[in-house]
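Asks: First the structure, which I've put down as structure tokens, then a few questions once you've had a look.
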Amino acid sequence: MERNVLVDRLKGYACFLVLFGHVIMGIRLAGIDIPEFFGGMEKFIWSFHVALFLFLSGVVYKVTGEWKSKKTKSGFILYKLYALGIPYIAFSVVYILINSLVGESNTGFAVSDIFYIWKTPVAQYWYLYALFFLFCIWTFLSGIIKNWHITLVVILIGYLAPLFGISLGSLDVVFYSALAFGVGTFVNFKNLTKLPNRAKWLIVLMHIAVGVVLVLLDKIEAPFIKELMILFGIYSSIMFISIIQDLKLISHFLDFVNKYSFQIYLLHTIFTAGIRIILLRMNIAQWWIHVILGTVCGLVFSVLAAVIAKKVNFLNFFFFPTKAYTSKNIDFKR
């Protein structure tokens, strides 16, 4: 199957937004004085950046043949459990251990929290947790109802359960993620970009303008508005990247980030927090230094770690367990 270059570059874009958003959030939580503008930017980015990742996961799930890519439903679920479960556990444990040592400078955790990651995802790793269960739901209901029906059912359960006093517990993130992922499983991605550039720019500018107004009114997280902004943000991102990818420097950067997007996603908070802690202990509190070094270090050191891991099967196993050792030993199609 031919890869969709736009999907790949959107992944690179989403990954960079996640990294930059965590840099801003870390600076804010550390009590560093930062222009108010960045607080609004953080809220705006947060309204759609992970949703874009989820949407793209839904698109890829659809175009790669859904569960049929592994011939059986059980084989597909086993494959996803292995592919997502090992990095989820490994990096959740590393994150908790690091933060248990530097909790006062970053986010406090106790080593005992490791025993609860099966029900309480930490940091950005909730995405892997939610994605696995989304794959389970879509695989189980596939062939019974269509993907857009599954999307509607899961969203309704997520909204109605609390109204009837039913707690979704740790699965709350799964139902929260269903809208973006579900739309990706049934939308015709190629048709989304069939607009002239002027119309695309208008959509992008409208998204920014609406986002600014909602941030100022403190309504960007309001029920229903939040869902609309998720969809608006996804669509606007597709329009934006479909235009600027014609610039070679931009396309090369997005291709580079996409190449290591999974590793960056898993590792970036460790390095952004690390450089922030070092700077603060050196009494460097200028916000612009933290923004620049946090972003650069989060990107560069994550990529360096990925490059090193690719040369050592044992290390690469924790990123891509299905590629490191299992190609000859485990047949997930059975």
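The values are calculated or read from the model by the stated rules, or taken from the named source; none is laboratory data. As the structure is a prediction and not an experimental result, all values here were calculated from the model. Cβ atoms come from the backbone with ideal geometry, glycine included; neighbour counts cover every protein chain shown.
Asks: State yes or no: is Phe240 out of contact with any Ser or Thr (no Cβ under 9 Å at 6 or more places or on another chain), assigned to a helix (DSSP H, G or I) and at pLDDT 95 or above?
Replies: On the way: out of contact with any Ser or Thr (no Cβ under 9 Å at 6 or more places or on another chain): yes; assigned to a helix (DSSP H, G or I): yes; at pLDDT 95 or above: yes.
Yes: the conditions hold for Phe240.
Asks: Mind telling me which of the residues Leu280, Leu293 ends up being modelled with pLDDT of 95 or more, over 21 Å from Leu10 (Cβ atoms), surrounded by 15 or more Cβ atoms within 10 Å (Cβ to Cβ) and of a type outside the set (Val, Ile, Thr)? Break it down stepwise before answering.
Replies: Numbers: Leu280 fails: modelled with pLDDT of 95 or more.
Going through Leu280, Leu293 in turn, just one is modelled with pLDDT of 95 or more, over 21 Å from Leu10 (Cβ atoms), surrounded by 15 or more Cβ atoms within 10 Å (Cβ to Cβ) and of a type outside the set (Val, Ile, Thr): Leu293.
Asks: Find the residue count for segment 1-35, including only residues that are closer than 28 Å to Thr185 by Cβ, of a type outside the set (Lys, Arg) and not in a helix (DSSP H, G or I). Show your work before the answer.
Replies: In the first step, residues of segment 1-35 are kept if they are closer than 28 Å to Thr185 by Cβ; the result is 1-22.
Narrowing the set further to residues that are of a type outside the set (Lys, Arg) leaves 1-2, 4-8, 10, 12-22.
Filter once more, keeping what is not in a helix (DSSP H, G or I): 1-2, 4.
Number of matching residues: 3.
Asks: Right, here's the next one. Among the residues of segment 305-317, which ones are more than 19 Å from Ile98 (Cα to Cα) and surrounded by fewer than 15 Cβ atoms within 10 Å (Cβ to Cβ)?
Replies: Correct list: Val307, Ile308, Lys311, Val312, Asn313, Phe314.
Asks: If you go through segment 308-320, how many residues are over 19 Å from the mean Cα position of the chain (by Cα) and in contact (Cβ under 8 Å) with a residue 24 or more places away in the chain?
Replies: Step one: of segment 308-320, the residues over 19 Å from the mean Cα position of the chain (by Cα) are 308-317.
Adding the requirement that they be in contact (Cβ under 8 Å) with a residue 24 or more places away in the chain leaves 309, 317.
Going through segment 308-320 one residue at a time, the tally reaches 2.
Asks: Could you please give the count of residues in segment 137-151 that are surrounded by fewer than 17 Cβ atoms within 10 Å (Cβ to Cβ) and either within 16 Å of Val60 (Cα to Cα) or in contact (Cβ under 8 Å) with a residue 24 or more places away in the chain (or both)? Steps first, please.
Replies: Taking segment 137-151 first, the residues surrounded by fewer than 17 Cβ atoms within 10 Å (Cβ to Cβ) are 140-141, 143-146, 148-149.
In the following step, the residues that additionally are either within 16 Å of Val60 (Cα to Cα) or in contact (Cβ under 8 Å) with a residue 24 or more places away in the chain (or both) were identified as 140, 146, 148.
Count: 3.
Asks: Something else now. Tally time: how many residues in segment 177-198 are surrounded by fewer than 20 Cβ atoms within 10 Å (Cβ to Cβ), in contact with a helix residue (DSSP H, G or I) (Cβ under 8 Å, 6 or more places away or on another chain) and of a type outside the set (Val, Ile, Thr)?
Replies: 5
Asks: Could you tell me whether any residue of segment 269-276 is in a helix (DSSP H, G or I), modelled with pLDDT under 95 and of a type in the set (Lys, Arg)?
Replies: Yes, segment 269-276 has at least one match.
Asks: Report, ordered by the first and then the second residue, all pairs with beta carbons closer than 8 Å, sequence separation of six or more or different chains, a first member in segment 223-244 that is under 16 Å from Leu205 (Cα atoms), and a second member that is among the charged types (D, E, K, R).
Replies: These pairs meet every condition: Met239/Lys200; Phe240/Lys200; Ile241/Arg9; Ser242/Lys200; Ile243/Lys200.
Asks: Has segment 216-224 got any residue that is over 17 Å from Val50 (Cα atoms) and part of a helix (DSSP H, G or I)?
Replies: Pass one, segment 216-224, residues over 17 Å from Val50 (Cα atoms): 216-219, 222-224.
Remaining after also requiring part of a helix (DSSP H, G or I): 216.
So far as segment 216-224 goes, yes, one or more of its residues are over 17 Å from Val50 (Cα atoms) and part of a helix (DSSP H, G or I).
Asks: Of the residues that sit in segment 124-170 and are part of a loop (DSSP other than H, G, I, E, B) and under 20 Å from Lys73 (Cα atoms), which one is nearest to the chain's Cα centre (by Cα)? Give the steps one after another, and end with the answer.
Replies: Keep residues of segment 124-170 that are part of a loop (DSSP other than H, G, I, E, B), which gives 143-144, 146, 164-168.
Keeping just the survivors that are under 20 Å from Lys73 (Cα atoms) gives 143-144, 146.
On the way: Gly143: 28, Ile144: 29, Lys146: 25 Å.
Only one residue fits best here, namely Lys146.
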